[in-house]
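Working notes for the structure below.
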Amino acid sequence: MKRRKQPFGQNYLVDLTAAKEIVHLAHVRNDGCLVEIGPGKGVLTHDLLPLTSKLIALEIDPILCRELKKKYGDRDNFHLEQVDALKVDFGKLAPRFQVVSNLPYYAATPIIKRLIHFRKHIENMTLMLQREVAARMTAKPGTREYGSLTLFVQYHCEAKRLLEVGAECFFPKPKVESTVIRLTPRELPPVVVNSETNLFQLIHSAFLHKRKTLRNNLKEVNGRFHIEMSTIEKMGIDPSQRAEELTLKQFAQITNALEIKNG
């Protein structure tokens, strides 16, 4: 018998023990607002609703929306919106809120980047995503997973791995494992830079070809910036290193020493 294809690529969490553990780790405030992205069949929703005064569920699938409305539509604290999370103005949902989500694998990174854009409204995010992506977001310098996504996330948020969730906890069973992480938006970035735009352009260029050295990759930004390798060496940074060996603080140091080309 051929398995029905999921229209939005969902892998539904079906393990109730795992669901309860995720909800426990979320530390939901009973006097606040909670946003759940992609509630699916409502496994997390079921345990979240009794804990919060207001739950806003964002679901793109109209079939799932009908099912969720049947299950929870009579709850005063349940508010369902059929919407694409990549198009939501999260700033209009509530002044401040927590986020809990079993993120769809195909859209996890862009959704997180959008949430980070609206981070001033967010207390914290408890997110389940593909283990490989979670590893990149929580990576340390010098590891294979460390990259530009690591630095973007950790510049804006404190990132912590909370729980590993096996493929057997989902239906359909995915080919990958999952991890629950917590992202807590920072009040202030951990480093001071004169331009965030320049910082992330520098980081992007430094990681453009992971096997190349910092010296070779930084040639990619020389159309806009002027970078003296001797200046980098004076910071105690070896230009023959690869980008994955540099800390966020070191990238900030280089950014603040860039000379912007005019014209």
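Could you list all residues from segment 109-128 that are outside any helix (DSSP H, G or I) and either touching a helix residue (DSSP H, G or I) at 6+ places or on another chain (Cβ under 9 Å) or at pLDDT below 95 (or both)?
Phe118, Ile122, Asn124, Met125, Thr126, Leu127, Met128
If you check Ala57 against the conditions, is it within 17 Å of Leu129 (Cα to Cα) and small (Gly, Ala, Ser)?
Against the criterion (within 17 Å of Leu129 (Cα to Cα) and small (Gly, Ala, Ser)), Ala57 does not qualify.
Looking at (1) assigned to a loop (DSSP other than H, G, I, E, B); (2) farther than 20 Å from Leu151 by Cα, which one does Lys212 not meet, given that it meets all the others?
Going through the list (1) assigned to a loop (DSSP other than H, G, I, E, B); (2) farther than 20 Å from Leu151 by Cα, Lys212 breaks only (2).
Across segment 86-109, what is the number of residues that are surrounded by fewer than 12 Cβ atoms within 10 Å (Cβ to Cβ) and in contact with a Leu (Cβ under 6 Å, 6 or more places away or on another chain)?
Selection size over segment 86-109: 0.
All but one of (1) assigned to a loop (DSSP other than H, G, I, E, B); (2) without any contact (Cβ under 8 Å) to a residue 24 or more places away in the chain hold for Leu218; state the number of the condition that does not hold.
(1)
Among the residues of segment 129-169, how many are aliphatic (A, V, I, L, M) and either farther than 19 Å from Ala18 by Cα or in a loop (DSSP other than H, G, I, E, B) (or both)?
Within segment 129-169, residues that are aliphatic (A, V, I, L, M) and either farther than 19 Å from Ala18 by Cα or in a loop (DSSP other than H, G, I, E, B) (or both) number 8.
The values are calculated or read from the model by the stated rules, or taken from the named source; none is laboratory data. Predicted model, so just to flag it, every value in this text is computed and none were measured. Note that we place each Cβ from the backbone using ideal geometry, even for glycine, and neighbour counts take in every protein chain shown.
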